[in-house]
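Take a look at the structure below.
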Amino acid sequence: MKAEMKDGAPQVVMNHNGNHGKFSHLLASQDRDYLLSPTGAQVKVSDLEGKVVGLLFAANWYPPCRGFTQVLAGIYEELKSRVPQFEIVYVSSDEDLNAFNSFYGSMPWIAIPFSDLETKKSLTRKFDVEAVPCLILLQPDDRKEHATVRDGIELIYRYGIQAYPFSKDRLEQLQKEDKVKRDNQTLTNLLANHHRDYVLSHTHTGLKKVPVASLVGKTIGLYFSAEWCVPCAKFTPKLISVYEKIKHELAEKGEEDFEVVLISSDRDQASFDSYYSTMPWLALPFGDPEIKNLVRHYNVQGIPWLVIIGPDGKTITVHGRSLINLYQENAYPFTKAKVEELEKQLEEEAKGLPALVYHQGHRHDLNLVSDGNGGGPFICCVCDEQGSSWAYQCLQCGYEVHPKCVRTVERDGNVLVDTTGCF
């Protein structure tokens, strides 16, 4: 989901010395040469000259903005303690002054006054901002190649403070380091460090340490999750069921080649203990430093998130959640060859599905669609999980469900029996 924004007219202004400074040109107006600080004091726009500046386009009414702002605030405060030549400017899309004051009250950086609608529109148009949150990062010298970085949200989530100063050279260096990590990736360097060579496991007497080395050669699921996460509460029971079925099938063959490791985003030890107690698999200790490294390594921007690691220690897929939703335990071992086999089976099964169904809880006809025939990735309106390939879709209102989630009902003449309305 994205929040759309509107364009406005550009404007050119001068700084308080009459010079066309880069940031005065962008952030000041004919009537204003200052920005707001969290204390309410005025900060001269000209004070930003020579600094790396991030423009944060956000709004209080959109939950992803609130989530990203919390992440960015921690990175900002850490950077400011080390690098004075860095600043962020809030460009608000809040509904009214009270909403602006409330949301801006959670931010440690400076802001364009809420009343200056023209400057905000001008920035939105100049940087072609179509959705919030959006973080545009500007270098102090326009003469440098690629002085503007537009994918600041992804960079902050992926690299955090390591991305500073957000220059082309620094990003190329990080990308090279990522490639080296991928090329040299092993299960041990993913899960262990110099201070810990184990993960946790349940026993009747409490938690015990399981050596990471004992997991080498197995297919491993890294499950990024947290107790406070509503989608996690829905997906975790499904994953437990699939996990136990896979383990049972392997045990019948005398094999123990699959395991899951919880990578927790819980906010305190008590929440972690409570949540992990419901799970049958392994876990990294709460608050372990490798958790942040894994989140960045896999660019995890939302949970639940399931990464599958192969027996060779290399990443098979970061889309384990979707594979579980689509194929349940049949997805194991999650390889490309296995997925292609399952997709072919799905194609064959779809040949026997009716082209049109009447689904309980929906007023309109549902048509069978596929990737090449009006379909594509979707969120099932019954189970709230992601789907792809085949779906039953309402052509009138966009309602979509997995074929397995359809509850067909009989029609009495032209009336759909047992419907609860169109949603």
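Couple of notes before you dig in:
- Hull-based mean projected area of segment 187-337, where the convex hull spans the alpha carbons, in square nanometres: 8.8 nm²
- Both numbers refer to the Cα atoms of the chain; Rg and Dmax are 25.7, 80 Å.
- Listed residue (SER106, GLN173, THR148) projecting farthest to the positive dipole end of segment 23-180, Cβ model: GLN173
- Projecting the Cα atoms of ASN189, LEU262, GLN42 onto the charge dipole of the chain, computed from C-beta unit charges around the Cα centre, puts GLN42 farthest toward the positive end.
- Straightening the chain between THR408 and GLU329 buys 25.9 nm, computed as 0.36 nm per residue apart minus the Cα-Cα spacing.
- Kirkwood Rh (inverse of mean 1/r, distinct Cα pairs), segment 157-198, angstrom: 11.9 Å
- LYS292 paired with GLU348, simple spin-label distance in nm, labels 7 Å along Cα-to-beta-carbon: 5.0 nm
- Ratio of Rg to Rh over segment 23-180 (Cα coordinates, Kirkwood Rh, two decimals): 0.95
- Of the residues LEU294, MET279, HIS204, the one whose Cα sits farthest toward the positive end of the charge dipole of segment 187-337, with +1 on the Cβ of Lys and Arg and -1 on the Cβ of Asp and Glu, is LEU294.
- Too-long pairs where the Cα-Cα distance tops 27 Å, listed order kept, from LYS120/LYS179; LYS22/LYS121; LYS247/LYS344: LYS120/LYS179
- Semi-axes of the equivalent ellipsoid of segment 168-258 are 30, 19, 16 Å, computed as sqrt(5λ) over the eigenvalues of the C-alpha gyration tensor in descending order.
- Set of segment 205-230 residues, backbone N closer than 17 Å to the point 7 Å along the Cα-Cβ line of LYS314: 217-220
- DSSP beta bridges in the chain [antiparallel fraction, %, rounded to 5]: 70 percent
- For segment 98-137, the share of accessible area belonging to carbon and sulfur comes to 44 percent (1.4 Å probe, ligands and nucleic acids excluded).
- Annotation: lysines with alpha-carbon distance below 22 angstrom to LYS351 (same-chain offsets under eight excluded): LYS338, LYS404.
- Only Cα pairs under 8 Å and 6+ residues apart enter the sum, and on that basis the relative contact order of the chain stands at 11 percent.
- Cα-based helix-to-principal-axis angle, 230-252 vs the chain, degrees rounded to 10: 40 degrees
- Ligands, DNA and RNA are left out, and with a 1.4 angstrom probe the accessible area of the chain is 51 Å² per residue.
- Computed about the Cα centre, the dipole magnitude for the chain is approximately 740 debye when only Lys and Arg (+1) and Asp and Glu (-1) carry charge, each at its Cβ.
- Basic side chains Lys and Arg get +1 at the Cβ, acidic Asp and Glu get -1 at the Cβ, and with that the dipole of segment 187-337 about its Cα centre reaches some 320 debye.
- Taking each DSSP H run with n ≥ 4 as -39500 (n - 2.57) and averaging over every residue of the chain yields -10000 deg cm²/dmol at 222 nm.
The values are calculated or read from the model by the stated rules, or taken from the named source; none is laboratory data. All values derive from a computational prediction rather than experimental measurement. Because the Cβ atoms are built from the backbone with ideal geometry, glycine has one as well, and the counts that use them run over all protein chains shown. Keep in mind that these areas ignore ligands, DNA and RNA; they rest on the heavy atoms of the full protein, side chains included. Shrake-Rupley method; radii C 1.70, N 1.55, O 1.52, S 1.80 Å.
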